[in-house]
Every structure is written in structure tokens, then in C-alpha cells.
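Every number here is computed from the coordinates shown, using simple stated rules; none is lab data. In this text, all values refer to a predicted model and were calculated from it rather than measured experimentally. Reconstructed Cβ throughout: ideal geometry from the backbone, glycine too, with neighbour counts over all protein chains shown.
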Amino acid sequence: MTPIIRGALLTVLALLFLGALAFAAQGGTPDTTGWEKGGAYDKFYDAKEADSFKGRVEDIIEITPLPGMAKGVGLTVRDKKDNKVETVHLGPKDFVDLDSIGLKKGDTVKVAGVWANIGGKDVVMASKVKKDEGVELKVRRSKDGMPWWSLSAEELAKERKAAD
């Protein structure tokens, strides 16, 4: 084998190896650092303080509620009742899938969750967001605030089945 062919073959193998590593990384464990049940952030969620409001999605934002937490997904929603823009925390970026309900800016939604003061700001820690069309994104159990990203695969399947 000539040095040129050997070099080309090694380059191709290296690229295949790097591609395999990148593919494996995409299928890895979602980053929920700081979002765990019982963690500092989770302790702000008091299911007894459940509330809901309707409004229009102003923006989809990236959030980091407390230092050291994995990036999360949030919304800014203009409340229909008092026209105030509220910040809504949904959950860790690696878990929350807004595409599953086609949520976008301008959509009318009903947000259910609890109010919390985090970092000196009033926010809503969502349990679910429901679009006018009836589709909803659940991120916590309403009854106890258990984050869906903390459920085992079996528990999550049970919750999704109960929601159908």
C-alpha cells in the first residue's frame, strides 16, 4: 500500500470514528443537572400553590434558573387578563420538546403550574402548557409536581398512557 493510499485510508477511518463519537453523544443521557427531583430548584415547586393563566406566547427562551444548572427551555407569555408578560419555566433543554406540540411564537396557550420567586424574579414553574387546539405538553405531574424528566421509563409510559 502506498503512503498516499495509507494516509487517505487513515483519514477516512478517523472521520468515521469521529462521526461515530458524535452520533453516540447525541443519543447519550439528557443533561438534567440541577433539575433533579428534590434539588434546590425543584424545592421552589409547591403543588399546593397550583395556578393557571391564558395568554399568547411572546418568545421561546433559553433559561438557566440557578447557577450550575443545565440549560432549560422557557417561554414569555403575555397574560390575557392583565396584559403582563410572564416568564414560564418548562424544563431542561435536553428533555423539553416543543416540536411535539408545534409550539411557536404567537400561539395562544393555557399555562398550568406554580408561581415561584427565583433569583428575585417571579416565574411560573409549569406543569403543562396547552395550545388552543387542545394539544398539550406535560412536563410535571400536576398532583405532586414530579418532573417528567425524573420519572423512570416505566413511570413515564404509565403517565403518557393515562394522559391519552
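Test of understanding: ordering Glu136, Glu159 by Cβ neighbours within 10 Å, fewest first, what list do you get?
Ordered from fewest to most neighbouring Cβ atoms within 10 Å, Glu136, Glu159 come out as Glu159, Glu136.
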Original post:
Any idea how many Lys pairs in the stretch 99-164 come in under 19 angstrom at the alpha carbon, given 8 or more places apart or on separate chains?
Top reply: 24
**OP:** List Leu137, Leu151 from most exposed to least, where exposure is judged by having the fewest other Cβ atoms within 10 Å.
**Re:** Leu151, Leu137
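Select from the stretch 28-120 those GluC sites (Glu not before Pro) which occupy a DSSP coil region and have at most 16 other Cβ atoms within 10 Å, ordered by residue number.
Passing both the DSSP loop test and the Cβ count: Glu36.
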